[in-house]
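The structure under discussion appears below in the form of structure tokens.
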Amino acid sequence: MIGSVPSRHHDIADDLRHQITTGRIKPGERLPSEVGLAARYKVSTVTLRRALAVLQGEGLVEKMHGKGNFVRRPRRKIMYVGGWGTLDPWTAAEPTLRVAVRSATVPASVYLTTLLNVPTGSPLAEYSCLSLEQGSPHGLARICIPRDLAPAGALDDGAACWEAVTRFAVLGPSPATIRETVCARSPTPDEASALRIGNNMAVLAITRIATDATGRVVEAALLAFPGDRVDAVCPAHQGLNERQTQG
């Protein structure tokens, strides 16, 4: 029997991987242009991009739109504490961790209608958040609150909600209960682009629903983290209730 011949793009990925793991190409360093690499390896740019896609999927290389391909810096894992949205107080407090926030008033889609238990088209305050460390993304959050419950002035001045969003915490009124659904899945195209990860890298997806004492849903949060950059800890319900009672 004749063994299968490795594809050319795998050979290229192997060579680049070796250069990265041995330190010949250093973390944070920009790779040569795709055209330049294609010429070096004597392949088409299509084949070269397939090789880069392998490394992007492995988390070794990230593509920054309009800037090129870069060797990913080693990332510390951060910790998401279930129910509260805390991103490890040690890393969250450091000046290298920042959150970019965009806020807007949007009509409730069919999906958000189901999560928030509001009529379709109801006005919602939406906060789109991207946590960054030294310019590289750590996680995404889309936090939606009924418009009448949004923090005063938060939609007019993004800086007003900066500190609260830093930890992807609940932004609305203090909830009585929090329910979270956690799963590992493939990223959506928008998530892969924003987090600069390959389509075959798993993300940790969390849907968090907060309700008040009357049972009204006061917030729905959709969170996504690259699987290699976060650990999730879910405290016992008793501890959660104790914290709520003391608050």
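The values are calculated or read from the model by the stated rules, or taken from the named source; none is laboratory data. Here the structure is a predicted model, which means the values were calculated and not measured. Cβ placement follows ideal geometry from the backbone for every residue including glycine, while neighbour counts extend to all protein chains displayed.
Worth pointing out:
- For region 44-53, a residue qualifies if it is without any contact (Cβ under 8 Å) to a residue 60 or more places away in the chain and part of a helix (DSSP H, G or I), and the qualifying residues are T45, V46, T47, L48, R49, R50, A51, L52.
- Of all residues making up region 63-101, the number that are assigned to a strand (DSSP E or B) and at pLDDT below 85: 13
- Selection from region 127-138 of residues that are farther than 24 Å from T113 by Cα, part of a strand (DSSP E or B) and not aliphatic (A, V, I, L, M): S131, E133, S136, P137, H138
- Criterion violated by E58 - all others in (1) at pLDDT 85 or above; (2) under 16 Å from I197 (Cβ atoms) satisfied: (1)
- Under the condition of being surrounded by fewer than 16 Cβ atoms within 10 Å (Cβ to Cβ) and of a type in the set (A, V, I, L, M, F, W, C), the residues counted in region 197-228 number 2.
- Test: residue in region 173-185 that is within 20 Å of L132 (Cβ to Cβ) and in the same structural domain as G82 (by TED's automatic domain parsing): no
- Of residues in region 168-196 being in a helix (DSSP H, G or I) and in contact (Cβ under 8 Å) with a residue 60 or more places away in the chain, the one surrounded by the most Cβ atoms within 10 Å (Cβ to Cβ): A194
- In region 16-43, the residues that are in a loop (DSSP other than H, G, I, E, B), on the phi < 0 side of the Ramachandran plot and touching a residue at least 12 places away in the same chain (Cβ under 8 Å): I25, K26, P27, E29, L31, S33, V43
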